[in-house]
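Enquirer: Structure in structure tokens, see below.
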Amino acid sequence: MSAKLSAKPRVAIVGAGNLAGALAASLCGAGYGIEQIISRDGDASLRRARQLAREVGASAVAAHRAKIRALVVWFCVPDGAIAGAASALREAADWKGKVALHSSGALTGDELGGLRRRGAAVGSVHPLMTIVRGSRPALAGVPFAIEGNLKAVRAARVMVRDLGGLPFSIRKKQKEAYHAWGMFASPLFTALLAATERVAMAAGISRKAAREKMLPILKQTLANYSRLRAPGAFSGPMARGDVATVEKHLRVLRRVEGARGIYIALARAALRDLPVKNRAAIEKILKS
């Protein structure tokens, strides 16, 4: 890293949503000065920016009024807004020598190409973590996928390590697949849990009771997966080769909209990836 970046640089954060809040709090806790929280002009956006700015000792400013002195500018806005936000701020600073980062999982640092042409080093830094309203997880121990210009990558790696995160490199052409991986790990897993609640309702169990009752098996499954990997964590009728039980499941799931299709898709995934017994017989009933 250059001499200018050898000390912890001041940071400006563009956006005031869930990710911006988690990032600003973690950076502040790691000893980084947050100079500004930069937001859109709307009242709601500015209100969120002011609240976050108070938390981290920064100032809040609308993008059209921003004058950026911070050495690092971190864009925490939706994917479709990154290029536009960068364009709106191109006159807000002398970008030569600055580092501009965004946190899209699917897009590359090229979204900040307009700032790169003005002298900034640009890159993308995505935490492999779910951050939702009402939850602000610590970023220590979280993997961060990083790509971009060499200077931007070096600066990002130092900052992620200071957060206690785990930086790793991702190639531009791999970002879409990387983000799809994250989609499987959290949002689609959450969709599966929601479908699981509906199956529980077919057994006469309320959604609330289903959430409470299945937490122990979910926690143990994740513990088994962590310790034994997917094949060792696999259990149930397909692991035993119990064809009759799988047939019963397929029959009863006709009463739960959409659940039978999810069951078949996941059962086929198990046939591909996991130690299933009576594979041919199970494959046959899935096809039927």
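The values are calculated or read from the model by the stated rules, or taken from the named source; none is laboratory data. The model shown is predicted, which means the values in this text are computed figures rather than measured ones. Note that each Cβ is placed from the backbone with ideal geometry, even for glycine, and that neighbours are counted across all protein chains shown.
Enquirer: Could you list, in sequence order, the residues of segment 132-148 that are buried (at least 18 other Cβ atoms within 10 Å of the Cβ) and either out of contact with any helix residue (DSSP H, G or I) (no Cβ under 7 Å at 6 or more places or on another chain) or touching a residue at least 40 places away in the same chain (Cβ under 8 Å) (or both)?
Expert: Once the filter is applied, which keeps residues that are buried (at least 18 other Cβ atoms within 10 Å of the Cβ) and either out of contact with any helix residue (DSSP H, G or I) (no Cβ under 7 Å at 6 or more places or on another chain) or touching a residue at least 40 places away in the same chain (Cβ under 8 Å) (or both), segment 132-148 yields LEU139, VAL142, ALA145, GLY148.
Enquirer: Moving on. Name the residues in segment 258-288 that are within 23 Å of ILE205 (Cβ to Cβ) and either free of Cβ contacts under 8 Å to residues at least 40 places away in the same chain or aliphatic (A, V, I, L, M) (or both), would you?
Expert: ALA259, ARG260, GLY261, ILE262, TYR263, ILE264, LEU266, ALA267
Enquirer: Related question: I'd like to verify a number: residues in segment 248-273 that are outside any helix (DSSP H, G or I) and surrounded by 14 or more Cβ atoms within 10 Å (Cβ to Cβ), how many?
Expert: The qualifying residues number 1.
Enquirer: Sticking with this structure for a sec: Scan segment 166-196 for residues that are in contact with a helix residue (DSSP H, G or I) (Cβ under 7 Å, 6 or more places away or on another chain) and assigned by TED's automatic domain parsing to the domain that holds ALA145 and jot them down.
Expert: Residues satisfying the conditions are PRO167, ILE170.
Enquirer: Kindly evaluate ARG54 against the criterion of being part of a helix (DSSP H, G or I), under 25 Å from the mean Cα position of the chain (by Cα) and over 19 Å from GLU147 (Cα atoms). Don't jump to the end; show me each part of the working.
Expert: Values: part of a helix (DSSP H, G or I): yes; under 25 Å from the mean Cα position of the chain (by Cα): no; over 19 Å from GLU147 (Cα atoms): yes.
Spelling it out, it is not the case that ARG54 is part of a helix (DSSP H, G or I), under 25 Å from the mean Cα position of the chain (by Cα) and over 19 Å from GLU147 (Cα atoms).
Enquirer: Still on this structure, I have one more. May I ask you to list the residues in segment 31-46 that are at pLDDT below 95 and out of contact with any strand residue (DSSP E or B) (no Cβ under 8 Å at 6 or more places or on another chain)?
Expert: GLY42, ASP43, ALA44 - these are the residues of segment 31-46 that are at pLDDT below 95 and out of contact with any strand residue (DSSP E or B) (no Cβ under 8 Å at 6 or more places or on another chain).
Enquirer: Looking at (1) within 19 Å of GLU176 (Cβ to Cβ); (2) surrounded by 23 or more Cβ atoms within 10 Å (Cβ to Cβ), find the lone condition where ALA86 falls short.
Expert: The one condition ALA86 does not meet is (1).
Enquirer: If the Cβ limit is 6 Å and pairs must be 6+ apart or interchain, which residue in segment 185-209 that is more than 14 Å from LEU222 (Cβ to Cβ) pairs with which residue that is of a type in the set (A, V, I, L, M, F, W, C) and part of a helix (DSSP H, G or I)?
Expert: From segment 185-209, the pairs are ALA195/ALA259; ALA195/ILE262; GLU197/ALA210; VAL199/ALA259; ALA200/ALA210.
Enquirer: Only residues that are part of a helix (DSSP H, G or I) and surrounded by fewer than 17 Cβ atoms within 10 Å (Cβ to Cβ): list them for segment 274-285, please.
Expert: Across segment 274-285, the qualifying residues are ARG279, ALA280, ALA281, GLU283, LYS284, ILE285.
Enquirer: Then there is this: Go through VAL77, VAL73 for me and flag whichever is under 25 Å from the mean Cα position of the chain (by Cα) and assigned to a loop (DSSP other than H, G, I, E, B).
Expert: On inspection, the qualifying residue turns out to be VAL77.
Enquirer: Answer with yes or no whether GLU111 is within 26 Å of ARG10 (Cβ to Cβ), in contact with an Asp or Glu (Cβ under 9 Å, 6 or more places away or on another chain), in the same structural domain as LYS96 (by TED's automatic domain parsing) and of a type in the set (Asp, Glu).
Expert: Yes; evaluated as a whole, the condition is true for this residue.
Enquirer: Right, here's the next one. Out of all the residues in segment 184-198, is one or more among the aliphatic types (A, V, I, L, M) and under 13 Å from the mean Cα position of the chain (by Cα)? Walk me through it before giving the result.
Expert: Step one: list which residues in segment 184-198 are among the aliphatic types (A, V, I, L, M), which gives 185, 188, 191-195.
The next check asks that each one be under 13 Å from the mean Cα position of the chain (by Cα); those that pass are 185, 188.
Taking every residue of segment 184-198 in turn, at least one turns out to be among the aliphatic types (A, V, I, L, M) and under 13 Å from the mean Cα position of the chain (by Cα).
Enquirer: Here's something else I'd like to know. Of the residues GLY105, GLY141, GLY113, GLY119, which is in contact with a His (Cβ under 8 Å, 6 or more places away or on another chain) and at pLDDT 95 or above?
Expert: Of the residues listed, the single one that is in contact with a His (Cβ under 8 Å, 6 or more places away or on another chain) and at pLDDT 95 or above is GLY105.
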